[in-house]
Amino acid sequence: EVQLVESGGGLVQAGGSLRLSCTASGFSFDGYAVGWFRQAPGKEREGVSVISSNDQITYYADAVKGRFTISRDNVKNTVYLQMNSLEPEDTAVYYCSADSKLLKVWESLGDYWGQGTQVTVSS
């Protein structure tokens, strides 16, 4: 019933761009904050960005500031992550997560999680 589905990952050369999408169903999406996370093999999951339910508050990890932009369209139940100037260090599986509390999302304690989409950046 409750689902978050990520899409838009793929293989891109360094310096290129990708746009990830996180589409929700089965819950009141417009009342939830949503975050993007990433995890590479052998490494801990790290927060990338988070956006509030009303689209007025956003946060970014230092590693992606100035390169990534998070946005949402509550009519379409979708959150986007526009990724520009991609680097090999951005290679990871990217997940989205949702919770009614923004801080819980950023702490990786969101109620809902997607299955992830692979992003690979070549040199």
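Figures for the structure shown
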| item | result |
| --- | --- |
| Some residue of the stretch 78-92 being more than 26 Å from Leu11 (Cα to Cα) and not hydroxyl-bearing (Ser, Thr, Tyr) | no |
| Residues being assigned to a loop (DSSP other than H, G, I, E, B) and either open to solvent by less than 60 Å² (accessible area, probe 1.4 Å) or among the small types (Gly, Ala, Ser) (or both) - total across the stretch 85-123 | 9 |
| Subset of the stretch 60-82 that is assigned to a strand (DSSP E or B) and in contact with a Gly (Cβ under 9 Å, 6 or more places away or on another chain) - its residue that is surrounded by the most Cβ atoms within 10 Å (Cβ to Cβ) | Val79 |
| Options Glu1, Glu6, Glu46; residue that is in contact (Cβ under 8 Å) with a residue 12 or more places away in the chain, closer than 21 Å to Gln115 by Cα and surrounded by 17 or more Cβ atoms within 10 Å (Cβ to Cβ) | Glu6 |
| Test result for Asp55, assigned to a loop (DSSP other than H, G, I, E, B), open to solvent by 60 Å² or more (accessible area, probe 1.4 Å) and either touching a strand residue (DSSP E or B) at 6+ places or on another chain (Cβ under 7 Å) or over 13 Å from Gly116 (Cβ atoms) (or both) | yes |
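The values are calculated or read from the model by the stated rules, or taken from the named source; none is laboratory data. Keep in mind that what you see is a predicted model, and the values were worked out from it rather than measured. All Cβ positions, even for glycine, are placed from backbone atoms using ideal geometry, and neighbour counts span all protein chains on display. Side chains are part of the model used for accessible areas, which takes the heavy atoms of the whole protein and leaves out ligands, DNA and RNA. Shrake-Rupley method; radii C 1.70, N 1.55, O 1.52, S 1.80 Å.
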